[in-house]
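Accompanying notes for the structure given below.
Where a number appears in this text, it was derived from the coordinates with a stated rule and is not lab data. Since the structure is predicted, the reported quantities are computational estimates derived from the model, not experimental observations. Here Cβ is always computed from backbone atoms with ideal geometry, including for glycine, and neighbour counts include all displayed protein chains.
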Number of protein chains: 2
Amino acid sequence: MAKHHPDLDLLFHALSDPTRRMMLNRLAKGPAPVTELAGPSGFKLPTILRHLSVLEEAGLVATQKDGRVRSCAFQPAALRPMTDWLEDQRRLWEGRLDRLDDYVTKLLKEREK
Amino acid sequence: MAKHHPDLDLLFHALSDPTRRMMLNRLAKGPAPVTELAGPSGFKLPTILRHLSVLEEAGLVATQKDGRVRSCAFQPAALRPMTDWLEDQRRLWEGRLDRLDDYVTKLLKEREK
DNA sequence: TGTATAGTTAGCGATATGGCTAAGCATCAT
DNA sequence: ATGATGCTTAGCCATATCGCTAACTATACA
């Protein structure tokens, strides 16, 4: 377990915005051009483009240009560091419970004497 | 699926900072007073206190004062909206794959004619 | 060629974030 | 009662974030 994961910073930050999550939601159903991504949001294109670049920097979306249209695709693998973190956290927590269990067990043994 | 989950905003934002994740890491092993939380971070107390309040607002940590000491405890249940979101996202993505599968299947049937 | 379409860049303003110091308050130990 | 301890508040500064408009580039289509 490293001390500091910049991946996680970018990942969690990218996901902390409802507009970006809405964009991801759309992309999880399949690739889309920028305009379609902006469509339901009510935001202007430059705003959406900025959000898109945040998603790209987090690795959550990959884009490529075909003619004048940029196609955006969800990259589910980018969620991995997050699920790993969750798993680590869960392990720590359960370790805590185990130690509590050990403690109680020990207390009971003490009593038997 | 609601349109906008403020919980998720707070949750992801809270987790987007390495210092806050370090604090959570410590708390996952068991409750701790503010000073112990600040200890290894190298940051000053007011800074840590601010981070703590972000974690509290996200529901990730609950605190209570006992004398002059504030005890902080990790609240794993607060992670639920996040795991739910992950699950939704996964479902969407797999739905996409299923539809792709249907499409290929259909293509193959067309060929058989 | 000329016009519509799709995206891009530059830059502005309001607000939020993350760090700090300094000063204050409340409790515990002597 | 006095000092040490643990937390708290107020307020400052630098930077980042999120929205916008305006102006620009590049491709497609007639």
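Starting from region B:15-86, pick out the GluC sites (Glu not before Pro) whose DSSP state is loop and whose Cβ has at most 16 other Cβ atoms within 10 Å. Those that pass, being in a loop and sparsely packed, number zero. The trypsin sites (Lys or Arg not before Pro) of region A:34-101 that DSSP puts in a loop, and whose beta carbon has at most 16 other beta carbons within 10 Å, are A:Lys44, A:Arg68. Full extension of the segment from B:Leu45 to B:Asp84, taken as 0.36 nm per residue of separation minus the current Cα-Cα distance, would add 10.7 nm.
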